[in-house]
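Read the structure below first, then the notes.
Rule-based calculations on the coordinates, nothing more; no lab input. Since the structure is predicted, the reported quantities are computational estimates derived from the model, not experimental observations. Positions of Cβ are backbone-derived with ideal geometry, glycine not excepted, and every protein chain shown enters the neighbour counts.
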Amino acid sequence: MQLATRHRWIRTLCALAFLSLLIGCPPPPGAGPNGTTPPSGGGSGGGSEPPRTGSVDPYTCGNYAAVDFGRRLQAFLIATVTLEHHVSTTEKMLRDTCVLMGGHLGMAAPQLRGGTREVCLAMAENLRAALDAGLQAQATLDMQYTPAVCTVNVEAAARAAAECEARAQADVDVYCQGYCAGSCQGACQGTCQGRCNGTCHGTTGAGGECNGECEGTCEGSCQGSCHGSCAGGCQGYADVDAEASCEAHAEVVANVEAECTEPELEVEFDASLVGDLRRLEAATRAIDAGLPRILMIKARAQGPLLGSFRGWSRSTLELVTSGPTFLASIGEQALCVFGQVQAAAQALAAINVSIDVQIEVSASIEASATGSAGGGVGAAP
């Protein structure tokens with residue numbers, strides 16, 4: 001499944017040039033209001049309307065959702081505004097955290113204005129400089145923290161896909177991409193830390209556990225791709241194999257609601273090896289105040305959000321290139337609904353850039369916090 005997923009993603013990237021041509025024109029009338037602002041809440045649980053952002057509005061274009069194809073398209077549009085909202089909310093959280101850390105570092109107000117990338121990279125540079133000045137040469141900052149973890153409910157993805165496609169949940173193929181903790185009740189394509197009911201490519205322990213790659217069912221944790229349920233939760237993202245609209249909907253519903261934990265952080269230093277105590281204390285205050293959240297945002301962006309975006313962008317491409325289907329299946333609402341899909345495609349680049357920025361700057365901040373002080377800095381196992 002991992003290889004198939006990579007191939008699907010490569011095909012998507014190769015087709016984005018064609019997609020950019022299709023979305024160059026503005027959507028037809030009825031494509032939804034521009035410039036609407038999402039409410040403070042998030043998500044799209046139950047039957048409530050999702051927050052509406054940009055120019056996508058799942059509830060315009062009349063009663064197109066009364067037919068099966070229209071209902072699935074509405075699920076896709078709901079996924080679009082939900083993903084866009086969660087991505088923008090996470091980016092805002094990142095920027096706000098950078099401003100908070102910059103305040104502890106004593107940065108001037110003009111340095112804390114601007115876009116997320118500009119503000120956060122400036123803060124990371126100031127943090128690195130403060131640590132360099134605060135510690136003498138060869139001195140170390142002792143920093144210990146456990147990795148941030150995002151846990152996704154793959155069963156929620158299966159339920160959402162089943163409801164969207166009007167079929168039994170057991171018939172939906174859902175994969176946990178990442179680490180299936182506890183026990184993978186299904187096929188494990190990756191490293192199985194337990195008994196492998198199939199072919200074990202690696203050493204077999206005295207108790208029959210597979211210390212290597214398992215092609216078959218893994219009675220234990222699975223690092224890679226678990227096709228089935230994860231008894232201890234999926235630490236990564238849910239990957240659904242379904243019709244394009246329903247696939248996007250199910251993956252977004254499950255992944256954006258991932259529970260991400262902030263790591264516990266401990267920072268210590270040897271007072272006898274301090275250079276500029278004032279700047280070192282400012283740096284440690286900034287780290288204490290913001291680094292745990294930065295690490296959580298990094299885990300969220302490069303796991304559930306990026307996983308959601310990949311599936312949603314593939315679905316967007318399929319829908320944009322299937323224009324005749326709208327005319328045949330929806331009737332008089334076809335042009336309006338197709339305009340909504342085009343509006344979703346126009347949001348693709350902005351969502352992609354936002355996720356990239358979140359991953360880039362969170363990694364830069366982590367490197368500044370953990371790399372400036374030398375070999376004594378590290379993550380706890």
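Please report the orientation-averaged projected area of region 90-189, defined via the convex hull of its C-alpha atoms, in nm². It would help to have the intermediate numbers written out before the result.
Working: hull surface 44.3 nm².
Taking the Cα atoms of region 90-189, their convex hull projects to 11.1 nm² on average.
Would you work out if region 111-252 is rounded, prolate or oblate? Take a ≥ b ≥ c from the square roots of the eigenvalues of the alpha-carbon gyration tensor; rounded if a/c is under 1.5, else prolate when a/b is larger than b/c, oblate otherwise.
Note, shape of region 111-252 comes out oblate.
Regarding region 233-381, what are the three Cα extents along the principal axes, ordered largest first, in Å?
Largest first, region 233-381 extends 77, 30, 20 Å along its Cα principal axes.
What would the Debye formula give as log10 I(q)/I(0) at q = 0.24 Å⁻¹ for the alpha-carbon point model of region 175-221, no solvent?
Log10 I(q)/I(0), no solvent term: -0.70.
Taking region 303-375 as the region of interest, what is the percent of Cα-Cα pairs per 10 angstrom bin, listed from the shortest bin to the one with the maximum distance?
Calculated over all Cα pairs of region 303-375, the distribution is 17, 32, 22, 15, 8, 5, 1 percent.
Rounded to the nearest 0.05, what FRET efficiency do Arg278 and Asp142 give with R0 = 22 Å and r taken as the Cβ-Cβ distance? Could you check?
Efficiency at R0 = 22 Å is approximately 0.65.
Return His86, His227 ranked ascending by Cβ neighbour count within 10 Å, so the fewest neighbours appear first.
Ordered from fewest to most neighbouring Cβ atoms within 10 Å, His86, His227 come out as His227, His86.
Would you mind checking the radius of gyration and Dmax of region 186-306 based on alpha-carbon positions, in Å?
Considering region 186-306 through its Cα atoms, Rg and Dmax are 20.9, 63 Å.
Using just the Cα positions, wrap region 220-261 in a convex hull and report its mean projected area in square nanometres, one decimal place.
Average of the hull's projected areas for region 220-261 equals 3.4 nm².
Just the Kirkwood number for region 262-315, please: inverse of mean 1/r across all distinct Cα pairs, in Å, one decimal.
With all distinct Cα pairs of region 262-315 included, I get 13.7 Å.
Using R₀ = 51 Å, calculate the FRET efficiency as 1/(1 + (r/R₀)^6) where r is the Cβ-Cβ separation of Glu268 and Glu332; round to 0.05.
E between Glu268 and Glu332, to the nearest 0.05, is 0.15.
Taking 4 °C and 1.567 mPa s as the conditions, I'd like the Stokes-Einstein D for region 112-151 in µm²/s, using the Kirkwood hydrodynamic radius from alpha carbon pairs.
Values: Rh = 12.7 Å.
For the chosen part, D equals 102 µm²/s.
Pairwise over distinct Cα atoms, reciprocal of the mean inverse distance: report the Kirkwood radius of region 130-183 in Å, one decimal place.
It is 15.5 Å.
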